[in-house]
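The values are calculated or read from the model by the stated rules, or taken from the named source; none is laboratory data. Predicted model, so just to flag it, every value in this text is computed and none were measured. Don't worry about glycine lacking a Cβ; one is built from the backbone with ideal geometry, like all the others, and counts go over all protein chains shown. Each accessible area value is taken on the protein alone, full model and side chains, heavy atoms only, with ligands, DNA and RNA left out. Shrake-Rupley method; radii C 1.70, N 1.55, O 1.52, S 1.80 Å.
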Amino acid sequence: MTADKRHLHLNAFLMAPGHHDAAWRHPASQPHRVTDITYFQQLAQTAERGKFDSIFFADGLALWGGRAGGNVSGGLEPLTVLPAIAVATRHIGLIATASTTFNEPFHLARRFASLDHVSGGRAGWNIVTSGSVNEANNFNLDEHIDHAVRYERAAEFLDVATRLWDSWADDAVVLDKAAGVYADPERLREIDHEGLFFKVRGPLNVQRSPQGWPLLVQAGSSEDGKEFAARYAEAVFTAQQTLAEAQRFAADVKARAAAHGREGLPVILPGICPIIGATEAAARALEDELTELQVIDYGLGQLSNMLNVDLAGYRLDEPLPEAALPTEDQVNGNKSRFTLVAELVRERLTIRQIIARLGGGRGHRVVTGTPEQIADALESWFRAGAADGFNIMPPILPTGLEDFVDHVVPELQRRGLFRTEYSGTTLREHYGLSRPADQFTEAAERLLVSASQH
């Protein structure tokens, strides 16, 4: 299908009180509502009014930003929030981040199946391996598990989860009241998994859900992350600064997926932080206002974490020496974000300039301008094969999302790039993806076909 016959996919990345690290200090933000469920219900309703495919919550298992107090930290757990949003919306997909490193497959398989039932088939799972040693410190560890081992565990974790989701056949529930049979025991199966990391008997104690499996999303762009995405992901959240970088990333991941027999997958969604104004000058003024509101010590701490370097002894208005950077193989946390930020160091920006550059999107692309200019930026990447859609990261909430829905979405619709109404009911349908068949039923049918041929 050619680019002019495809529609963009749009996901709203909801991070209260907005993605700019100074959003909480801006008069338009509502940082006092970060634990108010009605706030997130209203944000989701705004995104649904804009016909977004989905909303998405990031998550971590340690206090974001430490205890420095330079930004809003802490908040509600996504898989607790999303069922409450499900009952306040009808169409929009609901994607939660959950770690394969510090969870068990049975727990997460059960929770995502439950969310899919509660929402009528709108659940998605952003699969992460946890990149912070602070998270490891909360789970009995002094040091983080090796990066490659985390991905090896993630692959087995996902294999177990999918088999658990399929441990109930679609037709397992017969509800024969007269005979006293609720479910056909032959259609309800133990998985009897025993691997390197997990031993799980099953079956899951939740019936197979409307989508079969939640939409599987992945957000790592390291070599391990790209290979994992190619094998398993149906959508990828990524951070790219330039068109050329985004084109290379999309082509690489799709080629790897094709080698695994997954032609056309995954859907690539780069993050974009749109700073919108009625005029370009107004948008630039808002960007400058947010930069002025940044807490430098907070930004310095964030940058230190991204680079795995203590920057306290360096001058803010001088470039960071490239020799101060570790090599990529010395980084055991978020390798893809390290690589991206290290490129800014190599551009010879001062530390203060890097903090300002990262303030809007933590390494994601920031686009500042009128609604038409924002639409131009999205369209150019879409038509150039750099993106199938975008992970929209409003700098301030709720106003940034409202501005995008009220002014950018109509422009995209006018250009024929985005839907005007929902055509499906499930998240998979929004992304143009089929419902996974029950693996056990498929295997049984293959055996029957094979037997009939001999």
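Within the stretch 15-36, none of the residues are open to solvent by 60 Å² or more (accessible area, probe 1.4 Å), in contact (Cβ under 8 Å) with a residue 40 or more places away in the chain and among the aliphatic types (A, V, I, L, M).
Is it the case that some residue within the stretch 279-295 is basic (Lys, Arg) and either free of Cβ contacts under 8 Å to residues at least 12 places away in the same chain or part of a strand (DSSP E or B) (or both)? Taking every residue of the stretch 279-295 in turn, none turns out to be basic (Lys, Arg) and either free of Cβ contacts under 8 Å to residues at least 12 places away in the same chain or part of a strand (DSSP E or B) (or both). Within the stretch 303-326, none of the residues are of a type in the set (A, V, I, L, M), open to solvent by 20 Å² or more (accessible area, probe 1.4 Å) and touching a His at 6+ places or on another chain (Cβ under 8 Å).
Within the stretch 244-252, is even one residue open to solvent by 50 Å² or more (accessible area, probe 1.4 Å) and free of Cβ contacts under 8 Å to residues at least 60 places away in the same chain? Yes, the stretch 244-252 contains at least one residue that is open to solvent by 50 Å² or more (accessible area, probe 1.4 Å) and free of Cβ contacts under 8 Å to residues at least 60 places away in the same chain. Every listed requirement among (1) touching a Gly at 6+ places or on another chain (Cβ under 8 Å); (2) open to solvent by 50 Å² or more (accessible area, probe 1.4 Å); (3) of a type in the set (Lys, Arg) is met by residue 111 save one, (1). When residue 46 is tested against (1) under 24 Å from residue 238 (Cα atoms); (2) open to solvent by less than 40 Å² (accessible area, probe 1.4 Å); (3) in contact with a strand residue (DSSP E or B) (Cβ under 6 Å, 6 or more places away or on another chain); (4) not basic (Lys, Arg), just one condition goes unmet, and that condition is (3).
Per-residue answers, yes or no, for (1) open to solvent by 20 Å² or more (accessible area, probe 1.4 Å); (2) at pLDDT below 95:
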position: 343; (1), (2): yes, yes
position: 353; (1), (2): yes, yes
position: 361; (1), (2): no, yes
position: 376; (1), (2): yes, no
position: 382; (1), (2): no, no
position: 390; (1), (2): no, no
position: 406; (1), (2): yes, no
position: 415; (1), (2): yes, no
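For the stretch 351-386, a tally of residues being in contact with a His (Cβ under 9 Å, 6 or more places away or on another chain), not in a helix (DSSP H, G or I) and not β-branched (Val, Ile, Thr) returns 4. When 22, 12 are screened for being under 27 Å from residue 289 (Cβ atoms) and over 20 Å from the mean Cα position of the chain (by Cα), only 22 passes. Quick one: in the stretch 49-86, which of the residues that are assigned to a helix (DSSP H, G or I) and open to solvent by 40 Å² or more (accessible area, probe 1.4 Å) is farthest from residue 431 (Cα to Cα)? So, considering only residues that are assigned to a helix (DSSP H, G or I) and open to solvent by 40 Å² or more (accessible area, probe 1.4 Å), the one farthest from residue 431 (Cα to Cα) is 80.
Conditions (1) in contact (Cβ under 8 Å) with a residue 24 or more places away in the chain; (2) within 20 Å of residue 61 (Cβ to Cβ), marked per residue:
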| position | (1), (2) |
| --- | --- |
| 123 | yes, no |
| 133 | yes, yes |
| 147 | yes, yes |
| 182 | no, no |
| 188 | no, no |
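Per the listing 360, 277, the residue uniquely under 26 Å from the mean Cα position of the chain (by Cα) and small (Gly, Ala, Ser) is 360. With respect to the stated conditions, residue 96 fails to be small (Gly, Ala, Ser), part of a helix (DSSP H, G or I) and at pLDDT 95 or above.
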